[in-house]
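Shown next, in structure tokens, is the structure this report addresses.
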Amino acid sequence: MIARRFLVLAALMTLVAASGCSGKREHAEEVRRTGDVPRSQQPARPEPSPTGTAVVDSAGSVDELFSRIHTHEAEISQAITAGRLDEVGREALLIRDLTVTATGLANVPVDQRSSLEQHVLTVKRVAADLSAAGKAGDLIEIKARNAEFQKELGIIERMIGQARG
């Protein structure tokens, strides 16, 4: 009698385990087919540096860094549109770190370096403001700071582009 119960219990456990694995296999196959990975299962994005010193891979060129900046700018716009205000600060801080790295790699003439550094300081300040506004859920402040952020990033990109000729 005990052996029979044990066999029934073992069979049930095998059935439950198999159905759980089957669901995961089906999900993995669906992701492989469609490329659609839920946000909760996407790989973690790099964390911004708390100090503002770049902790990003600087192996790329200035152009590659600005391409990554543009990607994060688009993420900010999407987060604002979708009401995911808590994501705005994270993206802004990543942009700040990428900007610091890009400007450090850029060959800007000495007479323009001081002006460039002032714009980088403004980007650092505005990134912190965006982070605080995102944590507070202040959409009006986020939109205002994001406009300033975009302006400063554009100035920096133009200054670096002019220096390259």
Exercise for the section: Take ILE142 and decide whether it is crowded, with 16+ Cβ neighbours inside 10 Å, of a type outside the set (Ser, Thr, Tyr), assigned by TED's automatic domain parsing to the domain that holds ARG68 and touching a residue at least 60 places away in the same chain (Cβ under 8 Å). Expected result: yes
Problem - Test: ASP111 is touching a residue at least 12 places away in the same chain (Cβ under 8 Å) and in the same structural domain as LEU65 (by TED's automatic domain parsing) - result: no
Problem - Matching residues, the stretch 98-125, being surrounded by 14 or more Cβ atoms within 10 Å (Cβ to Cβ) and either in contact with a His (Cβ under 6 Å, 6 or more places away or on another chain) or closer than 16 Å to ASN146 by Cα (or both) - result: THR99, HIS119, VAL120, THR122, VAL123, LYS124, ARG125
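The values are calculated or read from the model by the stated rules, or taken from the named source; none is laboratory data. A quick note: this is a predicted structure, and the numbers were derived from the prediction, not measured. Heads up, the Cβs are rebuilt from the backbone with ideal geometry, glycines too, and the neighbour counts pull from every protein chain shown.
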